[in-house]
Amino acid sequence: MAIMILFVVIALGAPILSPYSPTSTIVTPKIAYKLSKPIWYKYLFPGENISENVDAIPDPHFDTGIAIGELKFDTTPISQDSVQLEFISNIGYPEGSGPGCSAIVFKREADTTNYGEVKANLSKVFNYPYSFPPRQFLGLVAFSIDNPQNMSIRINLVLEKVGSERRIVWTNEKFISTTAKWIVPDPPVDSAVSRTKKYLSDTFGPEWLEKPAATMFQESADYKYGVEVTFNDTYPGEKVEATILIDDFFLRIYGNSFGLLGTDHYNRDIFTQLIYGTQISLTLGILSAIFSTIIGLTIGLAAGYIGGFFDQVLMRFTDLLLVIPDTPLYIILMATLSPSMWTLILLISVLGWTGFARLVRAQALSLKERPFVEAAKAVGGGKIHVIFRHILPNVMNLVYVTLATSVPYAITSEAWLSWLGLYDPNTMTWGRMLYDVQGEASGMWMWWWVIPPGLCIAAISLAFILLGYALDEVLNPKLRERR
Amino acid sequence: MGLKTYILKRVIYTIILIFAVISVNFIIFMMMPQDPAELLMSSKRIGVGDVIESLREQWGFNDPLHVRYIRYVVNMITGRFGYSYRTQKPVALEVGERLQNTLILVIPPEIVSVIVGVVLGTVAAQKRGKWFDNLSVTSSLAIYSLPVFWIAMMLVIIFSFNLQWFPSSHTYPDFWLLNPPTDIFEAFGTRLTHLILPWTTLFLISCGAWVLLARASVLEAITEDYVITARAKGLKERTVLFRHTLRNAMLPIITDIAITFGFTLSGAIVTEQVFVYPGLGWWIWKAIEVSDYPVLQAIFFVIALCVIIANFIADLMYGIIDPRIKYG
């Protein structure tokens, strides 16, 4: 019972428990490197080099002004007060998340003599805590320039080890006008993208170009990620203004572990998949149990109470459904119809009622001869009245037990069908997780990926079976006597 | 009604059932969305309208429905399942081979699990409420509720990948294709190592159910008067348990063996997928990938036939073993 409540809570709370998408393979920036280990792995095997993701910039989307305070902002020459860092709350990079961005504002009055080249530097110095390299790093930035004087502005994006020659620089040509839309570095500052090589200085040799992430973050040290803006102010005697909006200022260094259960081969969080799988399994199990029980109840009651030719026809039909092998039938029908949760619910409801119908029929047959039914008939009760008022309440105990015990059947059916590859591409289920495991060469070695879905299926099935047993014991007078 | 009439009735009933299965088969595959003639042509990449039409004529697709149905029934009964679209070989030949493979896979673990399950269940029933009982019931339930393919995957991971004791798939090593083994014993041994993991899987999934069933039916019998009599006679506890109690509790178990045969066959279909075992289940998958309808129909019919025959045997056994049965 406790297990069931837990699973129900998990199923309902899935979106709260995990912010990630269980199926989407295109998330930018991706949440973690593919085939990551779970983060608790390091406690289990302290000898192994396990690193987590490092997010260098606290709130990269500038949703609130607080984030700006955590960045370092300086200008050269230092005394220059014409450049300010501001927070703008109502504008943002539209493809990022929501409004809010930081702005470097250059404003000089016409009457000052204080002009020349001014550099503004927005950066974050962060610590890379591991003594071994990460798997990948990914830097993003988006900016938009408002430049009415058509001043020459140069923007550099820099990632460097503090106090070292090791740095990568994305350099843009000079901007001499207002940009029409947001600019993002292309190619991106991404160690996994080979075109990114053109940002790397070639003083470090071929290894640097081959493995930028491993060469950049060789040791635990302080690193700096920043935007350098150079305003070439050559307009003496004029009033000069320029604004550079900066948003989605982001650097993530991918370690080899993520989340509670790591990630799969498409960088998806396995724990999220497990949680969303609960939703599918419970919905499917309960709905198909209800439908198939209703069909079985109707047919069993009709056959048992009405009897005669009707009974013969229904029961022979039931026999037929019982001998038709349901495993290949499910496979063929699922492959032919489009595989989805609703198709499967339909199939299980239509094909899975036979055993229960027989039970109900037997019960109805014996109830029909009982004195209280005879009495009801003698008083003039019609067929419908007798069935609903006298027979039905007496088979309800069977109904409850069957409801509980046929849930696992539906859940395991779903599991192996998905595992065979007959799944709905829009939903993630436990069976599909295991299908993915088999599809990935190293999947079978990742026990934290293989074991949880299997155990979940077993636990949820076991919970329903035990519930069925308990109901049986409470509702079945025969069993109660024996105790 | 005597035993003969009972058997005759069951035979007639079984024959009707076989006809019904053939009819269902006919209907299901008639409703399939793709036209076999077009499928065959597209597999050969010569999709010409005239050719398709002449094929339809040749195969008799343009005949009226009842003619097609009668021809279908006759073909199914005489084992003329047609030719596989994929391999162009007669399906009947392949069915025999695959069925044999599947039976090799299914029958030994079924027998072992019945024996082990019944013994464990009997002992558990006798020690009702003690730790042995609790342990066997709990573990049976737990294993029973695990998905078959997951058990198989775990076995592969543990015994094949990590310990490297047994091969993980197929029925024989790849190099046998080029130079088949000469030593019979070596050949036999190698096949055996390929079978052990699938056998273990099927054994595990069916054993739990047997423990539970045997325990339940022994519990029912253990309170009967004749058991008390046997105890009163001073017989050994073991004799009482296995000679008197179990013997009477065996009835539902024996009939259930046949009925669960279908269940085990289904389990085998999934198990074959994990171990790439060339039986009926694996073949279904191959056939579905290319919509190979003759093969699918044949497999369907053969599996249903197996289940029907198993049920028939169960009915007969029931009639012969149980002296109390009222035939009919």
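Other chains near A:457-463: what is the mean number of their Cβ atoms within 10 Å of each residue's Cβ?
Counting other chains' Cβ atoms within 10 Å and averaging over A:457-463 gives 4.
Assuming a viscosity of 0.890 mPa s and a temperature of 25 °C, what translational diffusion coefficient in µm² per second does Stokes-Einstein assign to the range A:270-482, Rh being the Kirkwood radius over Cα pairs? Don't jump to the answer; show the numbers that get you there.
Details: Rh = 19.0 Å.
Result for D is 129 µm²/s.
Relative contact order (percent) for chain A, with alpha-carbon contacts under 8 angstrom and 6 or more residues of separation? Please report the intermediate quantities before stating the final value.
On the way: 877 pairs, mean separation 97.4, N = 483.
Dividing the mean separation by the residue count of chain A yields 20 percent.
Starting from the Cα of B:K127, draw a straight line to each of the lysines and keep only those under 17 Å, dropping any in the same chain fewer than 8 residues away.
B:K236
So what is log10(I(q)/I(0)) for chain A at q = 0.06, 0.07 1/Å, when the Debye sum runs over its Cα atoms only?
Each listed q corresponds, in turn, to -0.47, -0.58.
Which one, B:L197, B:N311, A:W182, is farthest towards the positive end of the dipole of the protein assembly as shown when Lys and Arg carry +1 and Asp and Glu -1 on their Cβ?
Going by the Cα projections, it comes out as B:N311.
Under 25 Å Cα-Cα from B:K9, which lysines qualify once same-chain neighbours fewer than 8 residues away are excluded?
B:K326
Taking the protein assembly as shown as the region of interest, what is the percent of Cα-Cα pairs per 20 angstrom bin, listed from the shortest bin to the one with the maximum distance?
Going from the shortest bin to the longest, the percentages are 12, 35, 28, 17, 7, 1, 0.
Farthest toward the dipole's positive end in the range B:91-321, which of B:I222, B:P278, B:A298, given Cβ charges of +1 (Lys, Arg) and -1 (Asp, Glu) about the Cα centre?
Checked the options; the winner is B:I222.
Under a cut-off of 19 Å between alpha-carbon atoms, report the aspartates and glutamates in cross-link reach of A:K34, not counting same-chain residues fewer than 8 places apart.
Within reach: A:E48, A:E52, A:D55, A:D190, A:D264, A:D269, A:D436, A:E440.
Treat every Asp and Glu Cβ in chain A as -1 and every Lys and Arg Cβ as +1, leave all other atoms uncharged, and give the resulting dipole magnitude about the Cα centre to the nearest 20 debye.
Value, rounded to 20: 2280 debye.
Taking the highest mean first, how do the peptides A:417-426, A:235-244 order by number of other beta carbon atoms within 10 angstrom per residue?
So the order, starting with the most tightly packed, is A:417-426, A:235-244.
Run the Debye formula on the Cα coordinates of the range A:53-254, all scatterers equal and no solvent, and tell me log10 I(q)/I(0) at q = 0.15 1/Å.
The calculated log intensity ratios at q = 0.15 Å⁻¹ are -0.94.
Calculate for the protein assembly as shown the 222 nm mean residue ellipticity that helices alone would give, adding -39,500 (n - 2.57) per DSSP H run of length 4 or more and normalising by residue count, nearest 500 deg cm²/dmol. Please list the in-between numbers first.
Values: 29 runs with 439 residues, N = 811.
Calculated mean residue ellipticity at 222 nm is -18000 deg cm²/dmol.
Read-outs: derived from the displayed coordinates by stated rules, not from any lab. Since the structure is predicted, the reported quantities are computational estimates derived from the model, not experimental observations. Note that we place each Cβ from the backbone using ideal geometry, even for glycine, and neighbour counts take in every protein chain shown.
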